[in-house]
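Colleague: Just passing along the structure, written as structure tokens.
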Amino acid sequence: MQQRVERRNLAVQAAAKQGLLDPDGAPLAAFVDLDGLAESVSALHSAWPQPSLVRHAFAAKANPLVPVLRKLRELGMSCEVASPGELAQAHAAGFGGEEIVFDSPAKTRRELERALAEGVAINIDNFQELARIDDMLSQRPSSSNIGIRINPQHGSGSIESVSTASSMSKFGIALNDEGNRETLIEAYLSRPWLRWIHVHSGSQGVPLRLTAQGVAMIVGLAEEINEQAGHQQVTGIDVGGGLSVNFDSEHDSPRFHDHVAELMAAAPALFSGRYRVVTEFGRSLLAKNGFIAARVEYTKSAGGRRIAITHAGSQVAARTTLVPEAWKLRVAAYDQIGRPRLGMPIEQDIAGPCCFAGDLVARGRALPLLEQGDIVTLLDTGAYYFSAPYRYNSLPEPAVHGFELTEDGDVAFTLLRRAETVEEVVGR
Ligand SMILES: *Cc1c(COP(=O)(O)O)cnc(C)c1O
């Protein structure tokens with residue numbers, strides 16, 4: 001944890017020195033701590049017992065940059081995708097069909113045909129999609145692992161917009177709606193190729209115990225199907241992702257180990273050795289291993305409040321500016337050459353460059369007084385921030401740099417995505 005802070009501080013200073021945060025050419029850039037990413041993947045692998053029975057698929061939407069996906073593949077991960085674009089990104093990163101899981105609530109016929117032909121695993125979202133797959137498999141067999149996504153409807157977390165297991169969620173088949181459990185069991189019993197089952201019951205703001213309860217309900221359903229079938233028909237359980245990230249401090253908490261401990265308590269059958277398991281973590285692998293850095297262009301005060309106007313706003317942190325109470329970010333202050341700013345904390349607003357008043361990444365935040373030319377960093381933004389841009393004011397997407405520490409403690413950068421040019425913005 002301390003090492004992550006040290007690496008970040010070294011990276012900010014090296015970036016300032018090497019012109020990656022040039023006040024004119026690159027007042028905004030994003031960074032991914034590749035050493036930290038490797039540590040997070042290793043923590044995930046070591047948290048899970050029976051490694052030969054589990055495959056960890058990275059949820060591409062959390063950070064779909066092809067070099068990031070390639071790195072995750074090198075680290076032994078599979079990939080979860082939910083659109084033709086993400087599927088193409090996964091392929092570009094080197095993932096073969098059998099290393100990919102396709103989850104989308106709106107898969108077209110063409111997308112399904114392609115996935116079945118490539119052996120991509122499919123989680124069916126609803127009964128109409130199931131009928132489509134019936135039709136396709138009657139024409140051409142497939143090696144894909146196929147399951148149904150079940151919504152255990154066991155409750156939401158603290159952030160409604162990302163909670164997937166509420167009673168009226170748009171995702172999956174609602175397990176407790178009248179007749180669905182019987183219809184689902186019947187659907188499995190009459191289709192020997194239906195051998196997987198899927199749930200994604202965690203999300204940011206969902207407590208571990210609640211997530212584990214959702215998984216336990218799906219494991220219970222798998223056990224019931226197998227009992228009625230009289231043999232092990234369901235052989236695989238995809239438990240989704242959704243481990244919450246701590247946006248308040250440097251700590252990784254909860255940890256993958258905590259999640260697995262809750263699952264073991266709630267759903268011991270998952271670890272009985274009778275099931276293969278797939279996980280789909282996104283945010284918990286990337287969030288704390290990425291940050292956004294921006295120059296302070298101007299400072300001023302209004303109504304007694306100090307304001308730092310920076311180059312990082314809604315274009316890279318839309319969730320935070322639009323729904324600040326749910327997605328508060330930590331901000332760190334650095335001087336012009338990238339040394340951590342020390343000094344008395346003073347309440348300041350940290351504003352972005354966009355032309356609307358709510359374009360603030362932090363409000364009334366106590367930080368050492370920022371000055372023109374300083375650097376601010378938005379922490380824990382490696383997932384769903386710079387990788388999910390908002391095109392307000394035609395601002396270009398910033399460059400994304402990966403960094404690693406060399407043996408002599410120097411920072412080595414690799415370009416993960418170059419900055420978008422104004423010509424490309426025009427081409428949009
Ligand atoms: C978004 C998503 C994930 C990853 O969720 P995180 O909160 O980023 O871990 C996993 N599975 C599915 C189906 C998803 O939609």
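No value in this document is a laboratory result; all are computed from the given coordinates. Keep in mind it's a predicted model, so treat the numbers as computed, not measured. Positions of Cβ are backbone-derived with ideal geometry, glycine not excepted, and every protein chain shown enters the neighbour counts.
Colleague: Could you compute the FRET efficiency for GLN139 and GLU227, with r as their C-beta to C-beta distance and R0 at 22 Å, rounded to 0.05?
Modeller: Result of the calculation: an efficiency of 0.10.
Colleague: Apply the a/c threshold of 1.5 to the C-alpha gyration tensor of the stretch 141-182 and tell me whether it is rounded, prolate or oblate.
Modeller: oblate
Colleague: Also: Which value results when the Cα radius of gyration for the stretch 36-284 is divided by 2.2 N^0.38 Å?
Modeller: Compared with the compact-globule rule of thumb, the stretch 36-284 sits at 0.95.
Colleague: Given a Förster distance of 45 angstrom, what is the FRET efficiency for MET168 paired with ILE337, based on the Cβ-Cβ distance and rounded to 0.05?
Modeller: For MET168 and ILE337, the calculated efficiency is 0.30.
Colleague: Can you give the convex hull volume per residue for the Cα atoms of the stretch 183-231, as a whole number of Å³?
Modeller: Hull volume normalised by residue count: 74 Å³.
Colleague: For the stretch 310-428, what log10 I(q)/I(0) values come out of the Debye formula at q = 0.16, 0.22 1/Å, with one point per alpha carbon and no solvent?
Modeller: Results for the stretch 310-428 at q = 0.16, 0.22 Å⁻¹ read -0.87, -1.35.
Colleague: Between ILE237, HIS251, HIS91, whose Cα lies farthest towards the positive end of the dipole of the stretch 36-284 when Lys and Arg beta carbons carry +1 and Asp and Glu beta carbons carry -1, centred on the Cα centre?
Modeller: With unit charges placed on the Cβ atoms, the residue in question is HIS91.
Colleague: Once Rh is set to the Kirkwood radius over Cα pairs, what Stokes-Einstein translational diffusion coefficient, in µm²/s, holds for the chain at a temperature of 20 °C and a viscosity of 1.002 mPa s?
Modeller: The estimated diffusion coefficient comes to 94 µm²/s.
Colleague: Using the Cα centre as the reference, give the magnitude of the dipole from point charges on the C-beta atoms of the chain (Lys, Arg: +1; Asp, Glu: -1; all else neutral), rounded to the nearest 20 debye.
Modeller: With only Lys, Arg, Asp and Glu charged at Cβ, the dipole is about 380 debye.
Colleague: If the cut-off is 30 Å between C-alpha atoms, which lysines fall inside it for LYS300, apart from same-chain ones fewer than 8 positions away?
Modeller: Reachable lysines: LYS17, LYS328.
Colleague: Relative contact order, percent, of the stretch 36-284 when contacts are C-alpha pairs under 8 Å separated by at least 6 residues?
Modeller: Dividing the mean separation by the residue count of the stretch 36-284 yields 19 percent.
Colleague: Quick one: check the C-alpha center-to-center distance for the stretch 117-133 versus the stretch 164-229, whole angstrom.
Modeller: Each part's Cα centre sits 16 Å from the other's.
Colleague: Using a/c under 1.5 as the rounded threshold, could you call the stretch 255-325 rounded, prolate or oblate? The axes a ≥ b ≥ c are square roots of the C-alpha gyration tensor eigenvalues, and prolate needs a/b larger than b/c, oblate otherwise.
Modeller: The shape class here is prolate.
Colleague: Which GluC sites (Glu not before Pro) in the stretch 368-428 pass both tests, a DSSP loop state and at most 11 other beta-carbon atoms within 10 Å?
Modeller: Passing sites in the stretch 368-428 are GLU407.
Colleague: Please check: in the Gaussian network model of the chain (C-alpha springs, under 10 Å), which one of SER169, SER104, SER394 has the largest mean-square fluctuation.
Modeller: So, out of SER169, SER104, SER394, the one fluctuating most is SER394.
Colleague: Please report the spacing between the Cα centers of the stretch 1-38 and the stretch 352-419 in Å, no decimals.
Modeller: 9 Å
Colleague: Convert each backbone phi in the stretch 270-285 into a coupling constant with the Karplus relation 6.51 cos²θ - 1.76 cosθ + 1.60 (shift: θ = phi - 60°), then list the ³J(HN,Hα) values in order as whole Hz, x for Gly and Pro.
Modeller: So the Karplus estimates, Gly and Pro as x, are 4, 10, 6, x, 8, 10, 7, 10, 10, 10, 9, 8, x, 3, 5, 8 Hz.
Colleague: Given points 7 Å out from each Cα along the Cα-Cβ axis, report the GLN3 to ARG132 separation in nanometres with one decimal.
Modeller: 4.5 nm
Colleague: Follow-up. Taking each pair of different alpha-carbon atoms in the stretch 292-350 once, compute 1/r for the pair, average those values, and report the inverse of that mean as the Kirkwood hydrodynamic radius in Å to one decimal.
Modeller: About 12.8 Å for the stretch 292-350.
Colleague: A further question on this structure: Tell me the net charge near SER161. Cut-off is 13 Å between Cβ atoms, SER161 excluded, with +1 for each Lys or Arg and -1 for each Asp or Glu.
Modeller: 0
Colleague: While we're looking at this one, here's another question. Ranked by Cβ crowding within 10 angstrom, fewest neighbours first, how are ILE150, ILE337 ordered?
Modeller: Listed from fewest to most nearby Cβ atoms, that is ILE337, ILE150.
Colleague: Right, here's the next one. Mind putting a number on the dipole of the stretch 36-284 about its Cα centre? Charges go on the C-beta only, +1 for Lys and Arg and -1 for Asp and Glu, and I need it in Debye to the nearest 20.
Modeller: 480 debye
Colleague: With the cut-off at 1.5 for a/c, could you classify the stretch 89-237 from its C-alpha gyration tensor as rounded, prolate or oblate?
Modeller: Taking the square roots of the gyration eigenvalues as a ≥ b ≥ c, the stretch 89-237 is oblate.
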